[in-house]
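Taking it in order: structure first as structure tokens, then the write-up.
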Amino acid sequence: MNNTPSVINEQIDYVFKQLKITGWPHAAVVTLTTYAIWQYQHHWGIWLWFAMLQSSHFMRVRILDPFWARYKAAGRDYLHVRILLALGMLATGCMWAAIPVFFMQDAQSENFVFVSITLAGMISATLPALAAYLPAYLLFVLPIFASLAARYYLIGMEAAAFLTVTFLAAMGGISYIINQIITRSITIDFKNQALLLEVTDAKEKAEEANQAKSRFLAAASHDLRQPLQALGLILESIRLRLGTSDSTIAPLVGQCIESHDALSALLNALLELSRLESHELEVHAMSLPLRDLVGSI
């Protein structure tokens, strides 16, 4: 799969565009989770967690998004943007990973089930947004998976811990497939753009060649008409001097004049055709008697 800087930049663009859509629902989920946990256990730490996650969302909107926009507008490589995005996703994942550590103590409570479902939903919901740039998604979900599996294991839910690890493997495989699909789509777009440029360039070259041909025909027709006109004058002079004195040569001279006139007509038509192709000739439709044309042929 093509992993050129241009393709990676497009992956980052895809992620930021998705984050603009999913960022506010993520903030709403943080608020709902904080409220649900506070209803179960009044611990000041949940408000600290709420403030940290909402602050991270605010910093992404106010700092990271404009930083990415400046790099995109300048056409610069996204190395620093990729690093900041990956670190930001790691920090957010670690904040979510704090939930099982501090607020999942009682396995029999509704809060325990709610938090488990919320974390599973968060891992699944961020997949379409972050899978375009796989390091960002993995750095986000790995701390959550590790914290959740460790919590299950420590409270004696070994089967749930094993299922969590299995879920991690499944999400990793799915994220890889989605990443490949998005990357392939981006690569195809780049190939189509390159092909369009090649076709446009070939079309421009063909038009230039056609214009050059038209200019050549115009120049050649103009240059050839001068000696042809001189030849016509000479033939007319010969016919006038012969008069009727030599009955055998006069018909030949007449045929030469007719051939000269036909050649002159062809050159005139060629000149008009070249002017027509170069859009230098204004065309007017008119009726043409076919009898005279067919008779001359």
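The values are calculated or read from the model by the stated rules, or taken from the named source; none is laboratory data. None of the values given here were measured: they were computed from a predicted structure. Counting neighbours? That spans all protein chains shown, and the Cβs are built from the backbone with ideal geometry, glycine included. These accessible areas exclude ligands, DNA and RNA; they are computed on the full protein's heavy atoms, side chains included. Shrake-Rupley method; radii C 1.70, N 1.55, O 1.52, S 1.80 Å.
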Q.
Looking at region 10-38 only, could you name the residues that are within 20 Å of Arg184 (Cβ to Cβ) and out of contact with any helix residue (DSSP H, G or I) (no Cβ under 8 Å at 6 or more places or on another chain)?
A. Lys17
(Q) Condition check: over 34 Å from the mean Cα position of the chain (by Cα) and open to solvent by 10 Å² or more (accessible area, probe 1.4 Å). Does Gly173 satisfy that? (A) no
Q. Going through region 71-88 one residue at a time, which ones are under 19 Å from Ala129 (Cβ atoms) and either open to solvent by less than 20 Å² (accessible area, probe 1.4 Å) or small (Gly, Ala, Ser) (or both)?
A. Tyr78, Val81, Leu85, Ala86, Gly88
Q) Can you tell which of Ala28, Ala69, Ala51 is free of Cβ contacts under 8 Å to residues at least 24 places away in the same chain, under 20 Å from the mean Cα position of the chain (by Cα) and in a helix (DSSP H, G or I)? A) Ala69
(Q) When you check Arg225 against the structure, is it open to solvent by 50 Å² or more (accessible area, probe 1.4 Å) and at pLDDT below 75, yes or no? (A) yes
Q.
Out of the helices (runs of 4 or more DSSP H) lying entirely within region 108-204, which hold 2 or more residues that are touching a Gly at 6+ places or on another chain (Cβ under 6 Å) and modelled with pLDDT of 90 or more?
A. 134-154
